[in-house]
Amino acid sequence: MNIDPIKQRLAARKLVADRLATDLIMDCERAASGRNSGRVNPAQWNGTDWRRYVHAAAHSPAALHLPALYASIGEIETTLVHG
């Protein structure tokens, strides 16, 4: 079975993007909940917790790579659709 290399590349990049997005969310939630394991539920977070979440999102290493990766995925998908 011969797998299309473009589709393989697309699948690989989507997998990396999923992992980075998961890392980003984990970084943010870890920052928001801090050392208090009782605050793992976002419904219980206060304003400070949410500020920590947003700050972590802006400074997470994962956030640096996602925009370019999503752009690359979009280009590959456009190529597949329009040939």
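The values are calculated or read from the model by the stated rules, or taken from the named source; none is laboratory data. Being a predicted model, the structure only gives us computed values, none of them experimental. Cβ: placed from backbone, ideal geometry, glycine included. Neighbour counts: every protein chain shown.
So the values come out like this:
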item	result
Residue within region 29-40 that is modelled with pLDDT under 95, within 19 Å of the chain's Cα centre (by Cα) and of a type in the set (D, E, K, R) present	yes
Residues that are small (Gly, Ala, Ser) and closer than 27 Å to Leu15 by Cβ, drawn from region 34-80	Ala56, Ala57, Ala58, Ser60, Ala62, Ala63, Ala68, Ala71, Ser72, Gly74
Test: residue in region 31-42 that is in contact (Cβ under 8 Å) with a residue 60 or more places away in the chain and at negative phi	no
Sole exception among (1) within 17 Å of the chain's Cα centre (by Cα); (2) loosely packed, with under 10 Cβ neighbours inside 10 Å; (3) not polar (S, T, N, Q) for Ile73, by number	(2)
